[in-house]
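Working notes, beginning with the structure itself.
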Amino acid sequence: MKSIRLAALAWLVLVQAMPLTADTIVVPARQLSDKSENLVPVEQQWDGLVVCHGRNGMAQWTVTVERPGPHYLHFRYASGDQRPLVLEINGTRQAGRILQPATGGFFLGDLVWKTVGPFELKAGENAIRVATTGLMPHLAGLVVSESARHPNEQVFADLFPTSADLAGPIDTDTAANREQLCQLLPGVEYLLFVRRYTFQSSHYYTDFIDGCERFGGNLCLLSLADGNVKELVPELSHGIFGRCDLSYDGRRVVFDWKEKIGVGFRIWEVGIDGTGLRQLTQPPADEAARIAKYKLEGGTAYLHHTDDIHPCYLPDGGICFASSRCEYGILCDGADRLTTTVLYRMDGDGSCLEQLSNNSVSESAPSVMNDGRILYTRWEYVDNGSVTNKGLWAMRPDGTGSEEVCGMNIAFPSVFNVGRAIPGRNHLFVAIGAPHMPLGVGTIMRIDAQLDRRTGQAVSYLTPEVDVRHQWGWDNVPGGATRPIPPEMQAGRDGRGNTSRGPLYMDPFPLSERHLLASFNPRAPWNRENAYGLYLLDRDGQKRLVYQDEEFSCWMPQPVRPRPLPQIPQGATDPELAARGLARVIVTDVYRGLDGVPRGTIKHLRINEHVPRPWAARRCWDGDVYDQQHSVISRDTHLGLKIQHGIVPVDSDGSAHFLVDADKNIFLQALDEDYLEVQRERTFVNFRPGEVRSCVGCHERPHEISLAAKTDLPLALGREPSLPGPQPGEVSGARPLAYEIDVQPIWDRHCVACHGGDKRDADLDLSAARTALFNRSYESILSRRLIPVIGENHPKAGNNHYLPPYSLGTHASRLAKYLGQDHYEVKLTLDERVRVTTWIDSNGQYHGSYYGRKNLQFADHPDFRPILTFEHSRANTAPLPEGR
């Protein structure tokens, strides 16, 4: 107890106003003599600065000066936008407003000095007060001085632990550290690594798009005996080396390499002795035509060639890699300057190229797990925040069996990057926790996939000095971070972290559960070209420098040695279904995970598809961008196109047995007897041709007992699999979801007499008049919040926490109560009601396709808001010639 009291006394001494000279007084902002109730003196979420939550804030300090007369007030503050304050001195309001300029952010790294005055102060105590009716900037402190010169930047440094050197002690004896590696890795003589300048990427996934600014480097071998470095492919040293992988026998290296601006990355292979260099992937035959067709104006470096990146060897002798050959655009990129990569595979000689997935956004950084499956980073959003959901996923080498490993309910860190399995463990992994922007570096996470994925319990930090809590940049956290911040604190963090410099990590390569190799930047800005060296780390936080290059950064360290060849995992496939482009799905019990939903409630599953936006839907006109959508689909809801395949029955025991289209992004909705959504699958599965797959139910977790193991055969398996069919009123279940076609005619028949034209009861306009990109009824319903929606850009960060049944869709809709037969004389038929509720359950989609011109200014154009078929809506080629 005595030691605690002494510590408290020391703190009180620290925060008292301390005169530096006779005319200079330092006042920490947290030393308040008065404040508003919503002011927090030490707000740890904002680096310990003084923060006011909400409007109408006030802060006051009492300052004792020795000599009366004119004094300047030097405020140290941070503000991401303009938040001017009113200043009062001794009860008198001073003219004008102070602290008006924005500083770029709200954290320690954004602090600036602002001097105001001089003001007449009296001898003795003076009351200095700032207040506002709006929002307040974040305050570190003020200095009262007779001098107009700014004080030293470090005057408040002792108050904020994050201003210290967080890299910690580093052992820089490289010879001794190489010897330590030799002891950990008996028989290993070399480390393989990539030497290149740091990418200048705008996002974690755009290295190949806008990260390549300076060329040069190589694949290198570091001798553990003497520290010498050998270049493996000096003939390619003029280009850029991306990522690499070592073959299972330790004799070959596969890597991606880019020669110059204007051409794509390609996959190459070379022997570990530098012989046998060969190029494994070639540009598509129509590459020149593609560049001419899709290239962007304005001098961008990315010309819409294709890129093959991130290769890794597979246990069956093939090679997996990511590629933009799918020709899809990123959904939240209105300018269409960013492009998607999905996973491909090929044979070891580069033949038999095959697309493994069909993601609407991006996949990257494949590696092989101990059980032979591919571990990779998958970014996608189906009714989730658009900058979250970049978790670790796994699939077999043929693309079947794709499933989440961890990360889809964790908004921050938003990227689970460059994951690898810990040797000898099928459930333990390491990965980098990175922000959405800029580069994919960050903190090192340890992941136990047997623990709860929803809450973040599965994740712990090996490098607690750095965390990722915002869309852009990194966060240094007082006292360190042990695991992701909880879901209730993750929404709405669309801003910047408090630092843009080291400590930052990349490319963790686990040697055991205790030791790993990694690239590490201790203190430099994230994009310094030579900031990252090779380090040996352990779980106790020790950091040992192994190699640092004077000119280049160093990446992807891995020991050169043979490694065990995993067994090739096999899944069930049906050749007859594969020939038809179909897959078979078995749901053993849909109620598994539907907490609070009585058995017998679920009667149908609605089969939907999340459609990528193809390059062929590129606009050559202005006016159709909305909310970062290159070709507008909705207003403030989701960004990617949804189409419907139809419904299939659910048996009385909760089982279902049905066929789906292969190589499409399929997601499900569980429906009750009225065809209303009870639960929504906010992700998708890409089933491969002929794949036969079962699932337990909705959102099963690790360690939950599978009801699939029960002795009774699921009832649905007693019959042939269902094909998705129509709902009431539908000719075919397979159709686009388009508001003007599905919903507006119903309002026209039943509602506009009271809610349209000059008569707008309840201030609700359900008329069909088209607006710039939508129509009046649609905008009115969304503006009035009559249906619940997930806004994928509102907020962009967050919105991916688990939601229980009945949280979304018609059951949670205010509009639903007006669809029954007790709303005046309105009597919707079953067919009409299903059309409306299906639209509500879709998250409020408007347009049924990426194709066509959407803006009202093109009303006379032949391709204005076309009515398209199901197949046209999901086609990778435009229904009408582009440019019409």
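The values are calculated or read from the model by the stated rules, or taken from the named source; none is laboratory data. Just so it is clear, the structure is predicted and the values come from calculations on it, not from any experiment. Cβ atoms come from the backbone with ideal geometry, glycine included; neighbour counts cover every protein chain shown. Heavy atoms of the whole protein, side chains included, go into the accessibility calculation; ligands, DNA and RNA do not. Shrake-Rupley method; radii C 1.70, N 1.55, O 1.52, S 1.80 Å.
A few comments on the model shown:
- Sequentially through the range 535-540, phi angles give Karplus couplings (6.51, -1.76, 1.60; θ = phi - 60°) of 9, 9, 10, 9, 6, 8 Hz, Gly and Pro residues having no value and appearing as x.
- Cross-linked pairs 642/796; 295/642; 642/759; 827/854; 390/642: Cα-Cα separations exceed 30 Å for 642/759; 827/854.
- Residue 747 - accessible surface, heavy atoms, 1.4 Å probe, Å² rounded to 10: 10 Å²
- Figure note: 81, 758 ranked by solvent-accessible area, largest first, 1.4 Å probe, ligands and nucleic acids not counted: 758, 81.
- Per-residue ellipticity at 222 nm from helix content only, as computed over the chain with -39500 (n - 2.57) for each DSSP H run of at least four residues, stands at -2500 deg cm²/dmol.
- Only protein atoms count toward the accessible area here, which uses a 1.4 Å probe; on the chain, the carbon and sulfur part of that area reaches 50 percent.
- In this view, the solvent-accessible surface of residue 535, computed with a 1.4 Å probe and all protein chains in place, comes to about 10 Å².
- Projecting the Cα atoms of 849, 155, 751 onto the charge dipole of the chain, computed from C-beta unit charges around the Cα centre, puts 155 farthest toward the positive end.
- Gyration tensor (alpha-carbon) shape descriptor, the range 278-410, a/c threshold 1.5: oblate
- Whole-angstrom gap from the range 375-406 to the range 646-691, using each part's C-alpha centre: 18 Å
- Packing order of peptides 858-868, 309-319, highest average first: 309-319, 858-868 (average count of other Cβ atoms within 10 Å over each peptide's residues).
- Here residue 122 is the anchor, and the aspartates and glutamates within straight C-alpha reach of less than 15 Å, apart from those fewer than 8 places off in the same chain, are 23, 66, 88, 146.
- Electrostatic bookkeeping for residue 119 treats Lys and Arg as +1 and Asp and Glu as -1; over the other residues with beta carbon under 12 Å from its beta carbon, the sum is -1.
- Rough spin-label spacing in nm, given labels placed 7 Å along Cα→Cβ, for residue 158 and residue 580: 7.8 nm
- Solvent-accessible area of residue 603 with every protein chain in place, 1.4 Å probe, in Å² to the nearest 10: 80 Å²
- Dipole orientation for the chain: of the candidates 687, 774, 135, 135 has the Cα lying most toward the positive pole (charges on Cβ; Lys, Arg +1; Asp, Glu -1).
- A straight chain from residue 572 to residue 95 at 0.36 nm per residue would run longer than the Cα-Cα distance by 164.0 nm.
- Probe 1.4 Å, protein heavy atoms only - accessible area per residue of the chain in square angstrom: 38 Å²
- Nearest-0.05 FRET efficiency for residue 692 and residue 295, computed from C-beta distance (R0 35 Å): 0.25
- Cβ crowding within 10 Å averaged over residues, with 769-775, 407-413, 507-513, 842-848 ranked highest first: 407-413, 842-848, 507-513, 769-775
- Modelled label positions at residue 148 and residue 749, each set 7 Å beyond Cα in the direction of Cβ, lie 7.7 nm from each other.
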